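**Q** I'd like to ask some things about the structure below.
The values are calculated or read from the model by the stated rules, or taken from the named source; none is laboratory data. The shown structure was predicted, so the numbers you read here are calculated from the model rather than taken from an experiment. Here Cβ is always computed from backbone atoms with ideal geometry, including for glycine, and neighbour counts include all displayed protein chains.
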Amino acid sequence: MSVRKAAVAVTLLTALATVASSAVGPLASAATDHQPAGPALARSLAQQVSLNRMDDELEALQRISNRNGGNREPGTSGYAQSVDYVTAKLRREGFDVTSQSFQFNYFQRLAQTLTVNGTAVPINIIDYSPSTPVGGVTAPIAVVPSNVSAAPGCAIGDYANVGATGKIVLVQRGGCTFAAKELIAAQAGAVAEIVYNNVPGPLRAALSDPSQGHIPAGSVSQADGQTLAAEPGVTVSLELRSFQQVRTSSDLVAQTRTGNPHNVVLINGNLDSIGGAGENDNATGTAAMLQIARHLGAWPRVTNAVRFVFTSAQEYSFAGAAAYLASLTAAQKQDIALDLNAEMIGSPNTAYFVLDGLPGAGSAAITQQFYSYFNATGVTTEAAPLSGRWDYNAFVGAGIPTGGVFTGADSTKTPAEVAKWGGTAGIPFDPCYQIACDTLNNVDRTAMLRNARALAFVVGTYATSTQGVNSK
């Protein structure tokens with residue numbers, strides 16, 4: 001973690017001191033949320049989810065992190081101990097647990113600085129981008145106009161009047177993959193590339209594989225990108241360096257012994273963390289999954305089997321989820337009726353987002369199940385587009401109906417969202433996203449409990465019947 005990022009996080013956490021008094025209802029209100037109509041199993045599972053038990057899981061994972069230098073990253077001893085902990089908990093409930101190892105391309109940020117006219121501008125290195133030399137590069141900015149085409153920077157013709165040779169290209173996000181933009185910028189002669197967001201807020205991005213990188217590339221917020229775009233030709237200094245290595249990690253898989261094994265309700269969430277203990281990202285999702293597994297048990301009276309997949313290396317091109325799906329035959333993939341994503345369900349500056357399922361693919365029905373649950377419990381929600389940032393991306397790519405809940409990451413909370421949910425405008429939903437301050441103090445317990453109960457209710461609903469998602 002950079003010194004600057006740590007200082008910013010402390011400032012933002014200070015601002016969050018006011019969140020508790022303005023959040024959506026006190027903690028006690030979550031225990032008395034009304035239950036919607038639904039299958040008995042769904043209602044029972046949701047009612048049995050316990051905040052105290054979830055706190056136990058958070059504390060256990062925090063202790064594991066503390067014993068391992070504040071680290072539960074994939075491929076480390078902290079992650080291995082997290083795997084052992086969850087395995088023991090599941091086996092205690094009667095589950096057979098399978099560990100599936102895989103290799104992934106590890107990526108660690110070493111330096112990411114951008115200086116314009118002596119002023120530092122926040123920038124993130126794009127994952128798997130090549131590095132600049134130590135000390136960085138200094139060159140003029142060449143701006144690709146955002147209106148040059150519907151997909152700026154996605155065709156070599158967009159550079160016809162830019163004069164990119166020997167310069168650092170600035171281009172707006174959108175229209176093609178980050179890898180495609182980076183390749184075309186390199187072909188145009190750029191020495192480096194900066195991509196700025198096409199929506200408000202900062203931008204975190206990745207190339208899907210190290211082999212795709214050609215020139216150093218970083219990303220900045222929409223506001224900083226627009227400011228830079230207004231100064232074409234200004235000379236900037238850019239340093240983007242990383243450490244990359246092939247490493248090994250593993251996923252955990254457990255399934256009920258009862259229910260139709262050819263119509264499986266799957267719930268997944270990443271077990272590891274990035275940059276620290278990962279209490280919100282994603283010990284909260286892990287705790288919810290363990291609660292559901294505990295109260296469901298290995299031999300529930302269900303129509304459809306329920307499968308728990310604890311993934312790893314999500315931040316490395318969804319390596320764990322992709323490896324899990326690659327281990328399945330075509331027929332086994334067809335056996336998965338749907339996927340529910342349990343990810344970051346207790347952000348301290350919280351929002352109540354429901355993943356916006358794809359119409360016509362069964363996902364929209366899952367989205368409506370979550371809306372129905374939250375409407376009945378009096379919690380206002382908002383749709384979150386399937387952004388491709390999380391593990392559900394791999395399941396969507398496999399054609400599996402997908403849904404889930406989410407309380408926000410590094411995007412900035414707006415005044416309109418404060419009016420809806422309380423909290424603080426102008427700072428991220430999670431100021432400690434993927435850095436060391438994502439500890440036990442970084443979790444909104446009310447949000448975590450409400451979202452865990454929503455996940456439990458929807459798991460119980462589909463374990464009873466997947467009508468509306470498929471015809472099995």
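**Q** Would you point out the residue of the range 47-64, among those that are under 22 Å from the mean Cα position of the chain (by Cα) and not aliphatic (A, V, I, L, M), that is farthest from ALA277 (Cα to Cα)?
**A** Applying the filter and picking the extreme gives ASP55.
**Q** What pairs can you find where one residue is in the range 74-96 and closer than 24 Å to VAL306 by Cα, the other is β-branched (Val, Ile, Thr), and their Cβ atoms are less than 7 Å apart, with a gap of 6+ or different chains?
**A** Hits for this filter: SER82/ILE64; TYR85/ILE64; VAL86/THR286; THR87/VAL97; LEU90/VAL97; ARG91/VAL97.
**Q** Restricted to the range 135-147, and to residues that are in a strand (DSSP E or B) and of a type in the set (Val, Ile, Thr), which residue is surrounded by the fewest Cβ atoms within 10 Å (Cβ to Cβ)?
**A** THR138
**Q** Could I ask something else about it? For VAL405, which of the numbered conditions (1) surrounded by fewer than 19 Cβ atoms within 10 Å (Cβ to Cβ); (2) touching a Leu at 6+ places or on another chain (Cβ under 8 Å); (3) under 30 Å from LEU338 (Cα atoms) fails to hold?
**A** (1)
**Q** Are any of the residues in the range 331-349 free of Cβ contacts under 8 Å to residues at least 40 places away in the same chain, of a type outside the set (Ser, Thr, Tyr), surrounded by fewer than 24 Cβ atoms within 10 Å (Cβ to Cβ) and over 24 Å from PHE102 (Cβ atoms)?
**A** Scanning the range 331-349 turns up no residue that is free of Cβ contacts under 8 Å to residues at least 40 places away in the same chain, of a type outside the set (Ser, Thr, Tyr), surrounded by fewer than 24 Cβ atoms within 10 Å (Cβ to Cβ) and over 24 Å from PHE102 (Cβ atoms).
So that you can scan it fast, the table gives a plain yes or no per residue for (1) in the same structural domain as ALA205 (by TED's automatic domain parsing); (2) surrounded by 18 or more Cβ atoms within 10 Å (Cβ to Cβ); (3) modelled with pLDDT of 95 or more:
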residue	(1), (2), (3)
PRO26	no, no, no
ASN66	no, no, yes
SER82	no, yes, yes
ALA88	no, no, yes
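**Q** Another question about this same structure. When you look at CYS176, is it part of a loop (DSSP other than H, G, I, E, B) and within 25 Å of the chain's Cα centre (by Cα), yes or no? Break it down stepwise before answering.
**A** Values: part of a loop (DSSP other than H, G, I, E, B): yes; within 25 Å of the chain's Cα centre (by Cα): yes.
The answer is yes for CYS176.
Conditions tested, residue by residue: (1) farther than 22 Å from ASP55 by Cβ; (2) buried (at least 24 other Cβ atoms within 10 Å of the Cβ).
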{"position": "ARG241", "(1), (2)": "yes, no"}
{"position": "GLN244", "(1), (2)": "yes, no"}
{"position": "THR248", "(1), (2)": "yes, no"}
{"position": "ARG257", "(1), (2)": "yes, no"}
{"position": "GLY269", "(1), (2)": "no, yes"}
{"position": "ASP281", "(1), (2)": "no, yes"}
{"position": "ARG301", "(1), (2)": "yes, no"}
{"position": "THR311", "(1), (2)": "yes, yes"}
{"position": "GLN314", "(1), (2)": "yes, yes"}
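**Q** Something else about it: Could you grab me the full set of residues in the range 104-134 that are closer than 12 Å to ALA217 by Cα and in a strand (DSSP E or B)?
**A** GLN112, THR113, LEU114, ASN124, ILE125, ASP127
**Q** Where in the range 361-472 are there helices (runs of 4 or more DSSP H), lying wholly inside it, with at least 3 residues that are closer than 20 Å to GLU279 by Cα and modelled with pLDDT of 95 or more?
**A** Result: 445-464.
**Q** Moving on to the next point. Can you tell me which residue in the range 207-219 is nearest to ALA190 (Cα to Cα), limited to those that are of a type outside the set (Ser, Thr, Tyr) and surrounded by fewer than 23 Cβ atoms within 10 Å (Cβ to Cβ)? First the steps, then the outcome.
**A** Kept after step one, since they are of a type outside the set (Ser, Thr, Tyr), are these residues of the range 207-219: 207, 209-210, 212-218.
Still in the running and surrounded by fewer than 23 Cβ atoms within 10 Å (Cβ to Cβ): 209-210, 212-215.
Working: ASP209: 20, PRO210: 19, GLN212: 16, GLY213: 13, HIS214: 10, ILE215: 8 Å.
Going through the qualifying residues, I end up with ILE215.
**Q** Next question, about the same structure. With (1) part of a strand (DSSP E or B); (2) crowded, with 24+ Cβ neighbours inside 10 Å as the list, and VAL354 as the residue in question, which single condition is left unmet?
**A** Among (1) part of a strand (DSSP E or B); (2) crowded, with 24+ Cβ neighbours inside 10 Å, the lone unmet condition for VAL354 is (2).
**Q** Considering ALA293, ALA283, ALA288, ALA305, which residue is in contact (Cβ under 8 Å) with a residue 40 or more places away in the chain, closer than 19 Å to GLY404 by Cα, in contact with a His (Cβ under 9 Å, 6 or more places away or on another chain) and not hydroxyl-bearing (Ser, Thr, Tyr)?
**A** ALA305
**Q** Additional query: Would you tally the residues in the range 383-402 being touching a Leu at 6+ places or on another chain (Cβ under 7 Å) and farther than 18 Å from TYR324 by Cβ?
**A** Residues that pass the stated criteria total 2.
**Q** Here's a follow-up. Can you give me the number of residues within the range 148-173 that are of a type outside the set (A, V, I, L, M, F, W, C) and either in a loop (DSSP other than H, G, I, E, B) or surrounded by 24 or more Cβ atoms within 10 Å (Cβ to Cβ) (or both)?
**A** Total satisfying the criteria: 9.
**Q** Among ALA254, ALA180, which is hydrophobic (A, V, I, L, M, F, W, C), within 22 Å of PHE318 (Cβ to Cβ) and without any contact (Cβ under 8 Å) to a residue 40 or more places away in the chain?
**A** Only one candidate passes the filter, namely ALA180.
**Q** Answer yes or no as to whether ALA323 is touching a strand residue (DSSP E or B) at 6+ places or on another chain (Cβ under 9 Å) and either at pLDDT 95 or above or surrounded by 21 or more Cβ atoms within 10 Å (Cβ to Cβ) (or both).
**A** yes
Residue-by-condition table, conditions (1) of a type in the set (Gly, Ala, Ser); (2) more than 29 Å from SER273 (Cβ to Cβ); (3) out of contact with any His (no Cβ under 8 Å at 6 or more places or on another chain):
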site	(1), (2), (3)
GLN103	no, no, yes
GLY135	yes, yes, yes
PRO145	no, yes, yes
GLY157	yes, yes, yes
GLY163	yes, yes, yes
GLN172	no, yes, yes
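**Q** Okay, next question. Given the criterion at pLDDT below 95 and either out of contact with any Pro (no Cβ under 9 Å at 6 or more places or on another chain) or in the same structural domain as PRO431 (by TED's automatic domain parsing) (or both), identify the matching residue among ASP339, ASP335, ASP356.
**A** None of the other options fit; the residue is ASP356.
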